[in-house]
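Asks: Following this message is one structure expressed as structure tokens.
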Amino acid sequence: MELSNEKSKQDAILSYEEQLGRLAWNKNSTVQDYFSYHSPLLLQAYTTLLEARLSHENDPIEFESWLKNSAQDFFNASTLEVDRTLNSPDDRPLYWSRLKFMSLLKTYASKGVPGFSLDNLLHIFEEGSRNYTGIDFSPAPEDCKKILITGFDPFLLNSRDYPGKHNHRQSNPSGCVALALHNTYTPNHKGFIQSMIFPVRYSDFDSSSATDSGIGEGVVERYIGPWIDKVDLLITLSQGRPQRYDIEQFACILRGGQIDNLGHRRIENSPCIHSSRSWIATSLPLKMIETPLTMNDSYQSSPCSPMEHGLPPTPDRLIFNAPGGNYLSNEIFYRVARLRELWREEQAILTGIKPIKASGHFHLPKLQDPGKVNSDGSYGEDINHSATVEVIQQVLLALNRAVA
């Protein structure tokens, strides 16, 4: 009975995202357990965290200090794991292992240890395991271009409630790219790459815990903002349409309201942030666009209008569906472009010159079919490693052309 009560208490404090990790991967394992034990390096990092949590059970301050120094081991272990298995890159072990440990932190907090701040520990762990605070260009030579790329977590994971549309086996190729290219050079050795991975959660982007509304600044402004004036090339990456490599022509301020990884939505056609700019264009160099890459300039000026092409005629024209859609991939593009333009305007006031700064968004091909029916009757195609390797190579070639 005690075990049952303890499990019920733990389930009650898990987020929608963490509860998805309890879905069955196969008859022997849950999703999060399968991936936590699937990666030897991540398993070692997870075991170390577990042991530390137990040894500091009654000393929250010491545990917080230790966690701050070691949380990034999760991210570093993931990049090393991708390096170790170049033929089978996978972002899912990092994603599910992170959620598994955050569930553990919540269980620890539910015991009511004095001085223990759950929100602070979760914040510390997110910062390290997403590499928000680990960006370091110091290894690069002085004449080397500094490239910052970002990826996303897997999303559309709830195949139990949305069979045929969502896929709990889903990887995100942008996350695989971020892990594979972190701390590497472009082939021409003219660019050095650092990366972060962002969550698919509205609350992180707009700093609102509401389930259906929110507007304001969040993780993009907090963690990318300080790098705007320090990097030479900034590209946000995400999963897009099958068989398409799209550089998006511009991003819009409006959201479409699709469900996120917490099961939350935002009001359809509501702005993501307070700004007078309804859309902002990319400033990525055109020379990076070469087959199979294309420039996507399609958009909708009203929810039911036919697709149009090119830049909208006026900066204040509302766009309801940008080239990259109206979900969080469009939003991270818009937020970074807004930061870029604000910085350029500040420089124009200070120096009289509006400097060039290259940033934009790259949608990578979607590689898995959520409608595939597996032999056990479940829905969702598993990762295609060779296709993921091809995506990583195409991104690296594009970055190479950009800094050539």
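The values are calculated or read from the model by the stated rules, or taken from the named source; none is laboratory data. Values in this document were obtained by computation on a predicted structure and should not be read as measured data. Every residue, glycine among them, receives a Cβ derived from its backbone with ideal geometry; neighbour counts consider all protein chains shown.
Asks: Out of all the residues in region 116-155, which are part of a loop (DSSP other than H, G, I, E, B), modelled with pLDDT of 95 or more, under 25 Å from Leu14 (Cα atoms) and not aromatic (Phe, Trp, Tyr)?
Replies: Arg130, Asn131, Asp153, Pro154
Asks: Just checking, does region 133-150 include any residue being under 26 Å from Ala52 (Cβ atoms) and touching a Leu at 6+ places or on another chain (Cβ under 8 Å)? Reasoning before the result, please.
Replies: Filtering region 133-150 down to residues under 26 Å from Ala52 (Cβ atoms) leaves 133-136.
With the extra rule that they be touching a Leu at 6+ places or on another chain (Cβ under 8 Å), the set shrinks to 135.
The answer is yes; a qualifying residue exists.
Asks: Of all residues being of a type in the set (A, V, I, L, M) and assigned to a loop (DSSP other than H, G, I, E, B) in region 210-225, which is surrounded by the most Cβ atoms within 10 Å (Cβ to Cβ)? Just the residue, please. Talk me through it step by step, then tell me what you get.
Replies: The initial filter retains those residues of region 210-225 that are of a type in the set (A, V, I, L, M), namely 210, 215, 219-220, 224.
Subsequent filtering for residues that are assigned to a loop (DSSP other than H, G, I, E, B) retains 210, 215.
On the way: Ala210: 11, Ile215: 18.
This residue is Ile215.
Asks: Got at least one residue in region 343-354 being buried (at least 19 other Cβ atoms within 10 Å of the Cβ) and either outside the structural domain of Asn261 (by TED's automatic domain parsing) or not aromatic (Phe, Trp, Tyr) (or both)? Even if it seems obvious, please write down each step before you answer.
Replies: So in region 343-354, the residues buried (at least 19 other Cβ atoms within 10 Å of the Cβ) come out as none.
No; the residues of region 343-354 include none that is buried (at least 19 other Cβ atoms within 10 Å of the Cβ) and either outside the structural domain of Asn261 (by TED's automatic domain parsing) or not aromatic (Phe, Trp, Tyr) (or both).
Asks: Could you list, in sequence order, the residues of region 369-381 that are within 17 Å of Leu23 (Cβ to Cβ) and either surrounded by fewer than 14 Cβ atoms within 10 Å (Cβ to Cβ) or of a type in the set (Lys, Arg) (or both)? Lay out the reasoning, then the answer.
Replies: Quick first cut of region 369-381, residues within 17 Å of Leu23 (Cβ to Cβ) only: 370, 372-374, 376-381.
The answer is Lys372, Val373, Asn374, Asp376, Gly377.
Asks: Could you identify the single residue in Leu339, Leu284 that is in contact with a helix residue (DSSP H, G or I) (Cβ under 6 Å, 6 or more places away or on another chain) and either at pLDDT below 95 or over 10 Å from Ala251 (Cα atoms) (or both)?
Replies: Being in contact with a helix residue (DSSP H, G or I) (Cβ under 6 Å, 6 or more places away or on another chain) and either at pLDDT below 95 or over 10 Å from Ala251 (Cα atoms) (or both) holds for just one of Leu339, Leu284, which is Leu339.
Asks: A further question follows. Would you call Asp161 surrounded by 22 or more Cβ atoms within 10 Å (Cβ to Cβ), under 26 Å from His264 (Cβ atoms) and in the same structural domain as Tyr223 (by TED's automatic domain parsing)? Before you say what the answer is, go through the steps one by one.
Replies: Working: surrounded by 22 or more Cβ atoms within 10 Å (Cβ to Cβ): no; under 26 Å from His264 (Cβ atoms): yes; in the same structural domain as Tyr223 (by TED's automatic domain parsing): yes.
No: the conditions fail for Asp161.
Asks: Next up: Restricting to region 383-404, count the residues that are of a type in the set (D, E, K, R) and surrounded by fewer than 13 Cβ atoms within 10 Å (Cβ to Cβ). Lay out the reasoning, then the answer.
Replies: Applying the first criterion (of a type in the set (D, E, K, R)) to region 383-404 yields 390, 401.
Keeping just the survivors that are surrounded by fewer than 13 Cβ atoms within 10 Å (Cβ to Cβ) gives none.
The qualifying residues number 0.
Asks: Has region 178-188 got any residue that is modelled with pLDDT of 95 or more and at positive phi?
Replies: Yes, that holds for at least one residue.
Asks: Go through region 348-404 and give me each residue that's within 21 Å of the chain's Cα centre (by Cα), among the aliphatic types (A, V, I, L, M) and farther than 28 Å from Cys252 by Cα.
Replies: Those that are within 21 Å of the chain's Cα centre (by Cα), among the aliphatic types (A, V, I, L, M) and farther than 28 Å from Cys252 by Cα: Ile383, Ala387, Val389.
Asks: Here is a further query. Being surrounded by 17 or more Cβ atoms within 10 Å (Cβ to Cβ), farther than 26 Å from Glu381 by Cα, hydrophobic (A, V, I, L, M, F, W, C) and in contact with a Gly (Cβ under 9 Å, 6 or more places away or on another chain): is that true of Leu284 here?
Replies: Details: surrounded by 17 or more Cβ atoms within 10 Å (Cβ to Cβ): yes; farther than 26 Å from Glu381 by Cα: yes; hydrophobic (A, V, I, L, M, F, W, C): yes; in contact with a Gly (Cβ under 9 Å, 6 or more places away or on another chain): yes.
The answer is yes for Leu284.
Asks: Restricting to region 335-365, and then to whatever is part of a helix (DSSP H, G or I) and in contact with a strand residue (DSSP E or B) (Cβ under 9 Å, 6 or more places away or on another chain), can you tell me which residue is farthest from Glu390 (Cα to Cα)? Outline the logic, then answer.
Replies: Residues of region 335-365 part of a helix (DSSP H, G or I): 335-351.
Among the residues that remain, those that are also in contact with a strand residue (DSSP E or B) (Cβ under 9 Å, 6 or more places away or on another chain) are: 335-341.
Values: Arg335: 29, Val336: 27, Ala337: 28, Arg338: 31, Leu339: 31, Arg340: 30, Glu341: 33 Å.
That would be Glu341.
Asks: Name every residue in region 27-45 that is crowded, with 16+ Cβ neighbours inside 10 Å and either touching a Phe, Trp or Tyr at 6+ places or on another chain (Cβ under 6 Å) or at pLDDT 70 or above (or both), in order of residue number. Working first, answer last.
Replies: Filtering region 27-45 for residues crowded, with 16+ Cβ neighbours inside 10 Å gives 30-36, 38-39, 41-43, 45.
Thr30, Val31, Gln32, Asp33, Tyr34, Phe35, Ser36, His38, Ser39, Leu42, Leu43, Ala45, listed by residue number.
Asks: Pick from Ile259, Ile273, Ile267, Ile332: which is touching a strand residue (DSSP E or B) at 6+ places or on another chain (Cβ under 6 Å) and closer than 28 Å to Glu18 by Cα? Explain how you work it out, then say what you get.
Replies: On the way: Ile259 fails: touching a strand residue (DSSP E or B) at 6+ places or on another chain (Cβ under 6 Å); Ile273 fails: touching a strand residue (DSSP E or B) at 6+ places or on another chain (Cβ under 6 Å); Ile267 fails: touching a strand residue (DSSP E or B) at 6+ places or on another chain (Cβ under 6 Å).
Exactly one residue qualifies, and that residue is Ile332.
Asks: Checking Thr314 against (1) closer than 29 Å to Arg222 by Cβ; (2) assigned to a loop (DSSP other than H, G, I, E, B), which test does it fail?
Replies: (1)
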